[in-house]
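Visitor: Next up is a structure, given as structure tokens.
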Amino acid sequence: MRHSDSTGPRSGRQGAFPASPASPLPRRALLTALGAAASAVVIGPSPAAAAPAAPYTLLTRRDWGADETLRFAADGRELWPPEYHPVQTLTVHHTADGSTDPDPAARVRAIYREEAVGADDYGDIGYNYLIDENGRVYEGRWSGTDGTPAHDAGGRLVTGAHVQGYNSGNVGIALLGTLTDRPASAAARATLVRLLAELAERHRIDPLGKVAYRNPVSGVSRVAPAIGGHRHWANTDCPGSLYTAMPSVREEVAALMAG
């Protein structure tokens with residue numbers, strides 16, 4: 001259920017908004033500026049602040065063994081050229097990949113292959129980040145070499161393929177495994193909160209609020225949680241038990257950002 005943002009093959013993956021650089025705000029000043037009301041709606045994307053140091057272990061594509069040749073056709077053409085947009089919202093998934101491989105990096109490689117050249121045939125992995133049961137973060141969709149994972153040098157998000165019609169400006173974070181009938185591991189949940197807090201602070205997102213999301217490619221608009229699950233966007237079981245846990249996850253993110 002991870003698709004592009006418009007009807008033609010990869011046709012939702014063109015064009016970009018210009019970067020909107022801004023200086024970072026202290027955490028308390030950030031929350032003061034956002035306001036405490038959980039019902040607040042932020043109209044349009046906010047400019048990105050500088051990326052803070054990651055409070056978790058992050059494995060780059062090289063670290064987890066991504067075969068970068070999968071992103072290219074036999075003639076050398078890149079199958080899914082990246083495009084970038086300001087971040088508007090953060091969406092949580094579970095992979096529900098059915099793998100029993102004890103090596104999480106191998107599972108990430110398998111998901112990558114399936115989404116790049118397998119049944120999905122995207123040309124790359126559709127998620128921006130993945131998190132394993134031990135709380136390690138894996139860099140997802142290739143975003144270039146001049147920025148941080150999932151972003152370009154201007155702080156814009158590389159478009160993934162994780163929520164049909166609502167990918168551009170929407171960060172896709174997937175926990176490895178099937179969480180339909182069980183909770184996320186304590187380590188994975190703790191890392192999810194840290195990653196969400198980092199991204200929310202960086203992109204000036206109120207973790208308790210809502211956004212008036214507008215797809216910069218298709219023009220489709222809808223009000224959605226600033227931090228939500230796949231099920232907030234589509235008729236799906238994803239992200240399993242994390243869907244009902246989202247209110248407490250948001251509270252933990254807000255508390256972490258408040259320091």
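The values are calculated or read from the model by the stated rules, or taken from the named source; none is laboratory data. No experiment lies behind these values; they were computed from the predicted model shown. Here Cβ is always computed from backbone atoms with ideal geometry, including for glycine, and neighbour counts include all displayed protein chains. In case anyone asks, the SASA skips ligands and DNA or RNA and just uses the protein heavy atoms, side chains included. Shrake-Rupley method; radii C 1.70, N 1.55, O 1.52, S 1.80 Å.
Visitor: Take the alpha carbon atoms of region 230-252, find their center, do the same for region 156-200, and report the distance between the two centers in whole angstrom.
Guide: Each part's Cα centre sits 10 Å from the other's.
Visitor: Could you sort D132, D97 by their accessible area in this structure, using a 1.4 Å probe and putting the largest first?
Guide: D97, D132
Visitor: Quick one: putting +1 on the C-beta of Lys and Arg, -1 on the C-beta of Asp and Glu, what dipole do you get for region 49-151 around its Cα centre, in Debye to the nearest 20?
Guide: About 240 debye.
Visitor: Another one. Give me the one-decimal nm value for the distance between modelled label points at A73 and E133, 7 Å along each residue's Cα-to-Cβ direction.
Guide: 4.1 nm
Visitor: Could you pull the accessible area for L59 with a 1.4 Å probe, rounded to 10 Å²?
Guide: Around 30 Å² of this residue is reachable by solvent.
Visitor: What accessible area, in Å² to the nearest ten, does a 1.4 Å probe give for R231?
Guide: Using a 1.4 Å probe on the heavy atoms, I get roughly 110 Å².
Visitor: Given the whole protein assembly as supplied and a 1.4 Å probe, what does the accessible area of T57 come to in Å², nearest 10?
Guide: 80 Å²
Visitor: List the residues, sorted by chain then number, that are 5 or more residues from H93 or on another chain and whose placed amide H is less than 5 Å from its amide H.
Guide: So H93 has HN proximity to I173, A174, L175.
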